[in-house]
Amino acid sequence: MLQSDKYEYFWIFLLIVVFLPAIIFWISELVVPTSKGSEKSTSYESGIEPLGEACIQFQIRYYMFALVFVIFDVETVFLYPWAMSFYDFGILPFIEALIFILILIVGLVYAWRKGALEWS
């Protein structure tokens, strides 16, 4: 097998990944009707006239709640490959996974005590 044959599917896939979104955006530019006017630049709130500014400041607790969720959600994804290969590993990876879970629990308790999980 030649070296170039080995990457043939890779280059085909790369071309598809690069050009397909560009072609889709180009087609959407051709198909979508464009109309410019004063109503086009206003914010839309279910047919009701908007009140106040479009940019409002949210409280930091919403961001903290979302950040804690994302951190723990991503960290639990790391446990999935370990769980799929649990019987192939020995005792040392099991202990490492327990330490990892313990670190997650300590982080959760810390976030709980700091009030990052309080919604109201």
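In summary, the convex hull built on the alpha carbon positions of the chain has an orientation-averaged projected area of 16.5 nm².
Think of the chain as a dipole: +1 on every Lys or Arg Cβ, -1 on every Asp or Glu Cβ, centred on the Cα centre; then among ILE99, LEU79, LEU14, ILE99 lies furthest on the positive end. Listed by number, the DSSP H helices of the chain that run 30 Å or longer by alpha-carbon position along their axis and have mean Kyte hydropathy of at least -1.0 are 8-31, 91-114. Short-range pairs are left out: with C-alpha atoms under 8 Å and at least six residues apart, the relative contact order of the chain is 30 percent. For the chain, the Cβ-based charge dipole about the Cα centre amounts to some 240 debye (Lys, Arg positive; Asp, Glu negative; other atoms uncharged). Ligands, DNA and RNA left out, the accessible area of the chain computed with a 1.4 Å probe is 71% carbon and sulfur.
The values are calculated or read from the model by the stated rules, or taken from the named source; none is laboratory data. This structure is a prediction, so every number in the text was calculated from the model and none was measured. Neighbour counts are summed over all protein chains in view; Cβ atoms, including those assigned to glycine, are modelled from backbone coordinates with ideal geometry. Keep in mind that these areas ignore ligands, DNA and RNA; they rest on the heavy atoms of the full protein, side chains included. Shrake-Rupley method; radii C 1.70, N 1.55, O 1.52, S 1.80 Å.
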